[in-house]
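Just below is one structure, and these are the notes that go with it.
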Amino acid sequence: MEKGRIFKALSGFYYVRTENNRVYECKGRGVFRQKNITPLVGDFVVFTSDKCEEGYITEIKQRKNQLKRPPIANVDQAIIVTSVSMPQFNQMLLDRFLVSIEAKEIKPIIFITKMDLLSPKNREKIYDIKQVYEQIGYDVELISTKTKEDLSRLKKYFSHKVSVVAGQSGVGKSSLLNALNASLLMATDDVSLSLGRGKHTTRHVELVEVYDGLVADTPGFSSLEFTGIGEEELEDLFPEIRRIKNQCRFRSCRHDQEPQCAVKNAVTNGHIHKQRFTHYLNFLEEIKSRKPRYS
Ligand code: GDP
Ligand code: ZN
C-alpha cells in the first residue's frame, strides 16, 4: 500500500507522486468504473504496486471540492487574471469570476496584468480598483509579465497550494505561467498564432510546479453562467454583503426593493462600493430571469 497524489492524467493512466517524490504510473481499479467514479488530477489516493513505478489505485480520499473544467480535485485557490488593457479592464467580468469562484468555495486571488500598458494617469484608476477589492478582503497584485513588475511578490501565493488560473482569453494567463516556470512553455497567443494552431488543445490536465506549489496547466471557469446559484445564495458570494446581511430588517431581504436594508444603507454611506452593488443587482436579475430547465 502506497499513498500519493495524482498530478497528471493521460489516456487512462494516472501519474501519482508519493510523499518521498517518487512517481508511479497507475491505473484505476474496475470498481471505480462500476461506481461511476473517475480518479481526478489533484486526488489523494491509495495504490498498490507490485512492479516498480506501476500501480493500481485502490482508494480515492474524500475530496474538498472538484471542478469540471479543468477536471481537477482539491483546489485551494483560483487566480483571476485580468488585464488593464488589451482586452480592456472589465469590472463586471471580474465580479462574475469572483462570484463563480466563491460559489465553489474556492479562494479567489486577483492578478491585474499588463501594467506596462498604462499611462501614469490611468495607473491611479487601477490603484483605486485595487483598494476597493482589498477592502472587501481579496488579495490583489498589479503585475506585468513584460517588465517583470512585481513578479517576485507572487511567490507567497503559490507555496503549498493547488491553484487554477482563470480569466478571459488574451489577458496573459499563459505568459504569466511561463514567466513563473520556464520549463512550462505554454503556448501563448504569440506562439500559437505563429504555429497556426489554437491554444489549450491538449486533452490532458497536469498540475505543474510553480515555486513550492502546483498549478493546473489548463485555465478554469470558462463558463460563468451562474448555473446552480440560487437567488438567495448570491448575497453570500459577495463577502461585503455577506458580512452585514443579518442587519437587514427582513430576513428574506434581497437588498433590492425592501425597506430598511442594511446593504443599501452601506452603499449610500460608501461602505459598499456602488459598482459592486450594481453588479449584485445585475446578477440577481440574471438569476431570477433564468429560464427553468426541464431536461
Ligand atoms: P491568455 O490567453 O490569457 O493565455 O494570454 P497570453 O498569455 O496568450 O497573452 C496574450 C497576449 O498578451 C500575448 O500577445 C502576450 O504577449 C501579451 N501579454 C501578456 N502579458 C503581458 C504583459 O504583462 N504586458 C504586455 N504588454 N503584454 C502582455
Ligand atoms: Zn437588505
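A few comments on the model shown:
- DSSP bridge orientation in the chain - percent antiparallel, rounded to nearest 5: 55 percent
- Relative to the dominant Cα principal axis of the chain, helix 91-103 is inclined by about 60°.
- Unit Cα scatterers, Debye sum, the chain: log10 I(q)/I(0) for q = 0.14 Å⁻¹: -1.11
- Compared with the direct C-alpha span, the chain from residue 286 to residue 260 gains 7.0 nm at full extension, assuming 0.36 nm per residue.
- Length released on extending from residue 124 to residue 149, taking residue separation times 0.36 nm less the Cα-Cα span: 7.4 nm
- Set of lysines near residue 61 by C-alpha distance (under 22 Å), chain-local residues within fewer than 8 positions excluded: 3, 8, 27, 35, 104, 107, 161
- Fully extending the segment from residue 159 to residue 61 would add 33.0 nm, taking 0.36 nm per residue of separation and subtracting the current Cα-Cα distance.
- Neighbourhood net charge (14 Å Cβ-Cβ; Lys/Arg +1, Asp/Glu -1) for residue 249: +2
We did not get these values from a lab; they are worked out from the coordinates using the rules stated. Predicted model, so just to flag it, every value in this text is computed and none were measured. Here the Cβ is made from the backbone with ideal geometry for all residues, glycine too, and neighbour counts use every protein chain on show.
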